[in-house]
Every structure is written in C-alpha cells, then in structure tokens.
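The values are calculated or read from the model by the stated rules, or taken from the named source; none is laboratory data. Values in this document were obtained by computation on a predicted structure and should not be read as measured data. Counting neighbours? That spans all protein chains shown, and the Cβs are built from the backbone with ideal geometry, glycine included.
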C-alpha cells in the first residue's frame with residue numbers, strides 16, 4: 001500500500017518533469033529556427049548539440065544544427081581544420097536527425113546526411129570509416145524510402161567503393177563491393193551529378209574486374 005501511494009504521489013512530478021523537458025526542447029527549436037533565418041550559423045554551430053530523442057522536435061533541431069555546420073564548412077577553406085570540423089559536426093547532426101524524425105519525414109535529412117558525409121570523406125574529416133558508414137546509411141535509408149532512388153544509389157555506391165579501396169588491392173576488396181544494393185545494379189544515373197554517377201559505377205565495375213570478384 002505504501003508503494004502504491006508513493007507511486008501515485010510521484011506520477012504528477014514525473015509528468016511535470018517530462019513536460020519541462022519537452023517545453024525546453026521546443027523553446028530551443030524555436031530559438032534555433034529564428035537564428036537560422038537570421039543567418040546565425042556560427043552561433044548555432046557553437047551551441048551544445050540539441051536533444052537526441054526519437055521525437056520530431058529533436059530531429060528538427062538536429063537538422064538545423066546540421067544546416068549551420070554545413071554552412072560554416074562551406075565558408076571555410078577547402079581541406080582546412082575548420083572545414084573538416086564543421087563537416088564532422090554536420091554528419092553527426094544529420095545522422096541523429098535521420099534517426100529521430102518519423103520515417104515519412106526523413107528524406108531530406110538523409111539527403112543532407114549523404115551530401116555532408118560524401119564531402120567529409122573527400123575532405124578527410126574525422127574517422128574515414130565512420131564517415132563512409134554514414135554515407136552508406138544515408139544511401140540505404142533513401143533506398144528504403146524509394147527503391148531504386150538514383151541519389152540513394154550514388155551515396156551507397158560511393159560508400160561501397162570507398163570501403164573497398166580501404167582494403168589492399170585484390171580479392172579482399174570483393175566483400176565490400178558485393179554490398180552494393182541490388183537496386184543499384186543497373187547503375188542508375190543521378191541527374192544532379194550525372195557525370196559523377198557514370199564515373200562512380202564505372203569505377204565499381206573496374207574494381208570488381210581487377211579484384212577478380214565472382
């Protein structure tokens with residue numbers, strides 16, 4: 001009986017604590033939206049990361065952080081420490097956003113994650129394996145939303161090729177090359193990066209041949 005009474009007494013306090021957390025996250029989101037609208041990228045990027053819970057408010061706040069970090073990366077010198085740090089920030093934020101948002105609302109976050117991770121790999125930002133894994137997750141996520149998606153295939157293919165090239169030349173590259181999603185076997189061309197798409201899938205085919213993959 002004492003335990004039942006204690007639980008009943010604590011329940012309102014627990015609910016209030018939950019509401020306070022939600023209100024705090026909502027207030028942060030609204031403030032971040034205003035900063036983004038005003039072009040306050042540096043301030044947004046310098047703030048502590050928003051909440052990471054699987055809730056819409058957290059996903060949207062993480063998307064804003066990703067936008068700010070990506071904007072700061074674009075302003076920095078190519079291959080500079082600042083650019084790499086901001087790209088790493090963007091990849092982390094978009095990755096959290098893609099996991100936190102409802103499935104139907106993840107498309108843009110996944111596209112942004114793929115683009116940021118692709119840039120991070122090119123720039124050598126952070127742990128290469130982790131950035132490649134993020135790009136692959138973006139590609140696979142887009143393909144899950146729309147099978148055969150050309151942009152998803154581009155990011156998945158880019159990541160698969162990068163994973164293969166991390167291995168010594170030879171058959172040891174085949175396991176990574178075999179992870180290319182079946183939906184991308186026809187080498188679909190992403191119109192936004194048409195030439196890069198064609199080159200990418202030519203390189204994958206060449207690596208399979210050179211590595212003597214079955």
Inter-residue pairs, beta-carbon under 7 Å, first within 12 Å of residue 32 (Cβ to Cβ) and in segment 47-61, second in a loop (DSSP other than H, G, I, E, B), 6+ apart: 58/50; 58/51; 58/52; 61/50; 61/51
In segment 106-124, is there at least one residue being more than 20 Å from residue 196 (Cβ to Cβ) and buried (at least 24 other Cβ atoms within 10 Å of the Cβ)? yes
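Yes or no, residue by residue, for (1) over 20 Å from residue 137 (Cβ atoms); (2) at pLDDT below 95; (3) not in a helix (DSSP H, G or I):
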| site | (1), (2), (3) |
| --- | --- |
| 6 | yes, yes, no |
| 19 | yes, yes, no |
| 26 | yes, yes, no |
| 70 | no, no, no |
| 74 | yes, no, no |
| 78 | yes, no, yes |
| 91 | no, no, no |
Please work out if residue 82 is buried (at least 19 other Cβ atoms within 10 Å of the Cβ), without any contact (Cβ under 8 Å) to a residue 40 or more places away in the chain, part of a helix (DSSP H, G or I) and not assigned by TED's automatic domain parsing to the domain that holds residue 190. no
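Which one of 191, 164, 182 is without any contact (Cβ under 8 Å) to a residue 60 or more places away in the chain and either over 24 Å from residue 106 (Cα atoms) or surrounded by 14 or more Cβ atoms within 10 Å (Cβ to Cβ) (or both)?
After applying the criteria, what remains is 164.
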Condition test on residue 157, is it under 20 Å from residue 67 (Cβ atoms) and crowded, with 23+ Cβ neighbours inside 10 Å? no
